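The next block holds one structure in the form of C-alpha cells; read it before the comments.
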Amino acid sequence: MNKRQLGHSGIDVPVLCFGGNVFGWTADEGRSFELLDALLESGLNFVDTADVYSAWAPGNHGGESETILGKWFAARGNRSKVILATKVGSPMGEGKKGLAKKYIRAAVEDSLKRLQTDYIDLYQSHRDDESTPQAETLEAYAELMKEGKVRAIGASNFTAERLTSALEESRKHNLPRYETLQPEYNLYDRSGYETVLEGVCVKNGLGVIPYFSLASGFLSGKYHSAEEAAKVPRAGMLKKYFNERGLRVLAALEESARELNATPAQVALAWMMTRPGIVAPIASATKVEQLRELVVATRLELPAEAVERLNQASAETVAA
C-alpha cells in the first residue's frame, strides 16, 4: 500500500487515516475492536482520535475513544503496529482546555494512561489557543518529544495566519514545528483549505490529514435528500449539503463511480488523494463492510477526465 510522510517527521503512513471519533459513540467497544482488527488486516494502520472524543454523545464525558483504543492495544499487544494520532486542547471539563504548558503536561499523561501506551506518534493541537503564547505551547511539545512521549506534532483547525506564525516561532526559537495540519476539507467544502491554507502547507512541506473527508457521509451517496438523512446521528451536519450545488456534486460522483465500477465514497476519497499537500484523508466506518469499502479507495486511480468533472461540479466552493 502506498505510503506518504507526515511532513518532515520521518513517520510514514498509508494514504488513508481511520477516524476514531466513532469509538464509544456509534461503535461500542466490541464493534470498535472488530473495526480495528479489520483495519490492520487490510494493511491500514493510521488511526486518529482526540482526548475529547466522544464527549458529545449522551452519557459520555470525553476520553471514551482513547480508552477503547487502549483496551484494544492491551488485548492485542500490537501498539507498535499502529501509527497513533491524538489531540489536546478541546474542553475536557472545568478548567481543562487550551494549550498552556501546564495543561498539556497534565493532559498528555491522561491520554497516555487511557491509551495504555508510553508514546504518541502524532500529538496535535486540537484548537488554537490565542491566550497562550505559541512559543510556550511548542516548548511543552519539545519537552515531551525529548522525553520520548511524543514523536511529532501537528495542528488542527488553525487559520493560515496562526499556522504561519507558529512555524515562524519554531524557526525563531529552534523548537519543534507542526508537521501536519488537520483542516475540514472535502469535495464540497473546498474553499476553507484551498484559498490560503493549501499554499502554506505546500510551501512548508506540511502533511495534510483532513477531517470530514466524506462531508459527514453526504459524499457516500447514501442520501439524496435531507429527509433521507434525517434519522442518522449526523443529520444536523448533513442539512447544509442538500442544495443545488451539493446535488450536482453527488451526480458527478455517481457518474464517475459508474464508469470506474466504484462507489461514490471511494471516488470522493480518491479525488482528495490527488490534491496538493494531502497525505491521508480521515474517514470513519461503523461496520467492517464500510471499512473494506474505504480500503478500496486507496487503490483507486482517477483518470484525468473524472478529476476534471469533479473539480467543475464543486468549483463554486472555491473563491475566485
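Read the figures in this text as sums done on the coordinates, not as results from a lab. Computed from a prediction, not measured in an experiment: that's the story for all the values here. We place every Cβ from the backbone using ideal geometry, glycine too, and count neighbours over all the protein chains shown.
What are the ³J(HN,Hα) couplings of region 6-15, residue after residue, when phi is run through the Karplus curve with 6.51, -1.76, 1.60 and θ = phi - 60°? Round to Hz, x for glycine and proline.
3J(HN,Hα) across region 6-15, in whole Hz: 7, x, 9, 6, x, 9, 8, 10, x, 7.
Give, rounded to the nearest 20 debye, the magnitude of the charge dipole that the chain has about its Cα centre when Lys and Arg contribute +1 at Cβ and Asp and Glu contribute -1 at Cβ.
It works out to roughly 380 debye.
Can you put 125, 42, 156, 225 in order, fewest other beta carbons within 10 Å first? Don't skip to the answer; put the middle values down first.
On the way: 125 28, 42 19, 156 24, 225 9.
Listed from fewest to most nearby Cβ atoms, that is 225, 42, 156, 125.
In degrees from 0 to 90, rounded to the nearest 10, what is the angle of the helix 264-273 Cα long axis to the longest principal axis of the chain?
The angle comes out near 50 degrees.
Around residue 46, which amide H atoms from residues at least 5 apart in sequence, or from another chain, sit under 5 Å from its own amide H, with H modelled in the peptide plane?
Here the answer is 18, 83, since their amide H atoms fall under 5 Å of that of residue 46.
When averaged across all projection directions, what area in nm² does the alpha-carbon convex hull of region 78-150 cover?
Dividing the Cα hull surface by four gives the mean projection, 4.7 nm².
Roughly speaking, what is the centre-to-centre gap between region 47-113 and region 261-320 when only Cα atoms are used, to the nearest Å?
28 Å
Taking the Cα centre as origin and putting +1 on Lys and Arg beta-carbons and -1 on Asp and Glu beta-carbons, what dipole magnitude results for region 3-182, to the nearest 20 debye?
My answer is approximately 300 debye.
Counting only other residues whose beta carbon sits under 12 Å from that of residue 141, what net charge do I get with K and R as +1, D and E as -1?
That sum, taken over residues with Cβ under 12 Å, equals 0.
Quick one: which of 101/149; 97/172; 149/203; 81/101; 96/172 span more than 18 angstrom between C-alpha atoms?
Distance filter (> 18 Å) returns 97/172; 149/203; 81/101; 96/172.
Using only Cα atoms and rounding to the nearest 10 degrees, what angle (0 to 90) does helix 64-76 make with the longest principal axis of the chain?
Approximately 80 degrees, to the nearest ten.
For Cα pairs less than 8 Å apart in space and 6+ apart in sequence, what is the mean separation divided by the residue count of the chain, i.e. the relative contact order in percent?
19 percent
Rounded, prolate or oblate: which one fits region 214-274, using the alpha carbon gyration tensor with axes a ≥ b ≥ c (rounded when a/c is under 1.5, else prolate when a/b beats b/c, else oblate)?
Numbers: a/c = 2.00, a/b = 1.76, b/c = 1.14.
Note, shape of region 214-274 comes out prolate.
Could you tell me which GluC sites (Glu not before Pro) in region 224-320 are loop residues by DSSP with no more than 11 other beta carbons within 10 angstrom of their beta carbon?
Details: sites: 227, 228, 244, 254, 255, 259, 289, 293, 301, 305, 308, 316; in loops: 301.
Those that pass, being in a loop and sparsely packed, are 301.
Rounded to two decimals, what is Rg over Rh for region 3-182 when you use alpha-carbon atoms and the Kirkwood radius?
Rg divided by Rh gives 0.95.
Sort 207-218, 55-66 by the packing proxy (mean of other Cβ within 10 Å over each peptide's residues), most packed first. The partial results should precede the final answer.
Working: 207-218: 24.4, 55-66: 17.6.
Averaged packing, sorted descending, gives the order 207-218, 55-66.
Using DSSP, restrict attention to beta bridges with both residues in region 3-182 and report what percent are antiparallel, rounded to the nearest 5.
Roughly 15 percent of the beta bridges in region 3-182 run antiparallel, per DSSP.
If you restrict to DSSP beta bridges whose two residues both lie in the chain, what percentage is antiparallel, to the nearest 5? Provide the component values of the computation, followed by the final result.
On the way: 3 of 28 bridges.
If I count the DSSP bridges inside the chain, around 10 percent turn out antiparallel.
Specify the angular offset, from 0 to 90 degrees and rounded to the nearest 10, of the alpha carbon long axis of helix 288-297 from the longest principal axis of the alpha carbons in the chain.
80 degrees
For Cα pairs less than 8 Å apart in space and 6+ apart in sequence, what is the mean separation divided by the residue count of region 46-126, i.e. the relative contact order in percent?
Across region 46-126, relative contact order equals 35 percent.
State whether region 164-320 is rounded, prolate or oblate according to the following rule on the C-alpha gyration tensor (a ≥ b ≥ c being the square roots of its eigenvalues): a/c under 1.5 gives rounded; otherwise a/b larger than b/c gives prolate, and the remaining case gives oblate. Don't skip to the end; give the middle numbers.
Working: a/c = 1.76, a/b = 1.72, b/c = 1.02.
It comes out prolate by the Cα gyration axes.
Normalising by the residue count of region 171-305, find the relative contact order in percent from Cα pairs under 8 Å and 6+ residues apart.
The value is 27 percent.
With 10 angstrom as the radius, rank 231, 97, 3 by how many other C-beta atoms surround their C-beta, starting from the fewest.
Least crowded to most crowded, the residues run 231, 3, 97.
Please compute the net charge surrounding residue 55, taking Lys and Arg as +1 and Asp and Glu as -1 over other residues with Cβ under 15 Å from its Cβ.
So the environment of residue 55 carries a net charge of 0.
Using the Kirkwood radius over Cα pairs, work out the Stokes-Einstein diffusion coefficient for the chain at 37 °C and 0.692 mPa s, in µm²/s as a whole number.
In µm²/s, the coefficient rounds to 165.
Return the calculated 222 nm mean residue ellipticity for the chain, to the nearest 500 deg cm²/dmol, obtained by summing -39500 (n - 2.57) across DSSP H runs with n ≥ 4 and dividing by the residue count.
Numbers: 12 runs with 131 residues, N = 320.
After summing the helix terms and dividing by the residues of the chain, the value is -12500 deg cm²/dmol.
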